[in-house]
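For reference, the structure discussed in these notes is given below.
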Amino acid sequence: MGMREETIVREFCNAWGDGERGPDIERIVSMFAEDASWQLYVPGGPEIRGRAALRAEIDRQMGYVRGTQCGITHIVSSGSLVMTERLDHFIKNGHRAAHALMAVFELNDQGLITAWREYFDTWDLARQTGSEPGRLAGIEG
């Protein structure tokens, strides 16, 4: 149960790059349902909704980071729900971040992502990237 969905989420994470190869944004966006949502961080982060807005957000983030790589350490699923524990890496402001997070994905019957929520410590991420820890905007861009 959920193996198909786990495979889709693994492919989605791989599409973000391998630390050298950049993200395949076309592939990433194609894996979302038209009305999909992405909550950038929980709690309190903004929610991006719809393929066009998701593409714009990914493009915005790729404007200030490079060397992206998703590192799944654990994955678990139940039906259409997939959860990943990850150690992602990227470079921002000349600093390589090891970004520990949990993510929850919901998929529809067509195997498209309908919801994506990421849970992580924003202060730790700011500290690693040379951003002002008290200002979330420093993390976002």
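Structure values in brief
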| read-out | value |
| --- | --- |
| Residues of segment 1-21 classified as surrounded by 14 or more Cβ atoms within 10 Å (Cβ to Cβ), over 12 Å from the mean Cα position of the chain (by Cα) and in a loop (DSSP other than H, G, I, E, B), total | 2 |
| Among (1) over 24 Å from Glu5 (Cα atoms); (2) without any contact (Cβ under 8 Å) to a residue 12 or more places away in the chain; (3) in contact with a strand residue (DSSP E or B) (Cβ under 8 Å, 6 or more places away or on another chain); (4) not hydrophobic (A, V, I, L, M, F, W, C) - the single one His74 does not satisfy | (1) |
| Tally, over segment 58-74, of residues that are assigned to a helix (DSSP H, G or I), modelled with pLDDT of 95 or more and not β-branched (Val, Ile, Thr) | 1 |
| Checking Asp35 against (1) surrounded by fewer than 15 Cβ atoms within 10 Å (Cβ to Cβ); (2) within 16 Å of Leu125 (Cβ to Cβ), the condition it does not meet | (2) |
| Qualifying positions in segment 33-57 - in a strand (DSSP E or B), under 18 Å from Tyr119 (Cα atoms), in contact (Cβ under 8 Å) with a residue 12 or more places away in the chain and not polar (S, T, N, Q) | Ala36, Trp38, Leu40, Tyr41, Val42, Arg49 |
| Hits in segment 114-128 (condition: among the basic types (Lys, Arg) and either closer than 11 Å to Leu40 by Cα or within 14 Å of the chain's Cα centre (by Cα) (or both)) | Arg117 |
| Answer from Arg86, Arg10, Arg49 - the residue that is in contact with an Asp or Glu (Cβ under 8 Å, 6 or more places away or on another chain) and among the charged types (D, E, K, R) | Arg49 |
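Residue by residue, here is whether (1) acidic (Asp, Glu); (2) over 17 Å from Gly111 (Cα atoms) holds:
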| position | (1), (2) |
| --- | --- |
| Glu5 | yes, no |
| Ile25 | no, yes |
| Ile28 | no, no |
| Phe32 | no, no |
| Leu40 | no, yes |
| Ile48 | no, yes |
| Tyr64 | no, yes |
| Thr73 | no, yes |
| Thr84 | no, no |
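The values are calculated or read from the model by the stated rules, or taken from the named source; none is laboratory data. Computed from a predicted model, the values in this text were never measured in an experiment. All Cβ positions, glycine included, derive from the backbone under ideal geometry; neighbour counts span all protein chains shown.
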